């Protein structure tokens, strides 16, 4: 079985979209793949309850319990490895990972970012797109490298920026596309593992 481990920090809407796609798409039967675990760096992450309700193993590795980023990443990597992941998926995981962590999961670590990379890496992407006068925004699924929000692009979705858009309105439209392209990109990766 190709195990998928998903890392979250909050509500987990992309994680939920991936789990639903797995259920509706018959990933276990078609791809010999399953979401094996959802791990969060925050015990209060709402997405953990959704995962538990789906019968998915959950775990918390609280970054505040560690003296350094490196110590947290080492403990997180050990927790992830316990599920023998074929693929490690960042879904709203709001921690910058150390190069050692990224190297440990090289080629198996993917992320979704709410912009059309390489434009607007980092935070506040929707407001930055509006401030720049962009006519289009979107989301990017990419392989994770040591450089933040870089790495080979696996999929993108484009949405128009509408007159009068706020960052929140644009974010909502982009998020709806994230929920479509992230599971599709995961399926393509699983087909090649």
Flag if residue 5 is surrounded by 15 or more Cβ atoms within 10 Å (Cβ to Cβ) and either closer than 16 Å to residue 178 by Cβ or touching a helix residue (DSSP H, G or I) at 6+ places or on another chain (Cβ under 6 Å) (or both): yes
Positions within segment 136-150 being in contact (Cβ under 8 Å) with a residue 40 or more places away in the chain and under 15 Å from the mean Cα position of the chain (by Cα), in sequence order: 139, 141, 144, 145, 148
Selection count, segment 32-49, where residues are in a helix (DSSP H, G or I) and crowded, with 20+ Cβ neighbours inside 10 Å: 2
Single residue of segment 51-64 satisfying the filter (in contact with a helix residue (DSSP H, G or I) (Cβ under 8 Å, 6 or more places away or on another chain) and farther than 16 Å from residue 4 by Cα) that is surrounded by the most Cβ atoms within 10 Å (Cβ to Cβ): 61
Selected residue (criterion: surrounded by the fewest Cβ atoms within 10 Å (Cβ to Cβ)) from residues of segment 133-147 that are more than 14 Å from residue 173 (Cβ to Cβ) and in contact with a strand residue (DSSP E or B) (Cβ under 7 Å, 6 or more places away or on another chain): 143
Residue check for residue 157: modelled with pLDDT of 95 or more and in a strand (DSSP E or B): yes
Only one of 99, 85 that is surrounded by fewer than 18 Cβ atoms within 10 Å (Cβ to Cβ) and touching a residue at least 24 places away in the same chain (Cβ under 8 Å): 99
Which listed residue, of 155, 163, is without any contact (Cβ under 8 Å) to a residue 40 or more places away in the chain and exposed (fewer than 15 other Cβ atoms within 10 Å of the Cβ): 163
Positions within segment 41-60 being free of Cβ contacts under 8 Å to residues at least 24 places away in the same chain and within 17 Å of the chain's Cα centre (by Cα), in sequence order: 58, 59, 60
Number of positions in segment 102-132 that are surrounded by fewer than 14 Cβ atoms within 10 Å (Cβ to Cβ) and in contact with a helix residue (DSSP H, G or I) (Cβ under 8 Å, 6 or more places away or on another chain): 1
Leading residue by the ranking (surrounded by the fewest Cβ atoms within 10 Å (Cβ to Cβ)) among those in segment 169-178 that are out of contact with any strand residue (DSSP E or B) (no Cβ under 6 Å at 6 or more places or on another chain) and without any contact (Cβ under 8 Å) to a residue 40 or more places away in the chain: 172
Contacts under 9 angstrom Cβ, first residue in segment 179-192 being in contact (Cβ under 8 Å) with a residue 60 or more places away in the chain, partner surrounded by fewer than 17 Cβ atoms within 10 Å (Cβ to Cβ) and assigned to a helix (DSSP H, G or I), 6 or more apart: 179/20; 183/20; 183/25; 187/25; 187/30
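The values are calculated or read from the model by the stated rules, or taken from the named source; none is laboratory data. Given the structure is predicted, the values throughout are model-derived calculations rather than measurements. Please note: Cβ atoms are built from the backbone with ideal geometry, for glycine as well, and neighbour counts cover all protein chains shown.
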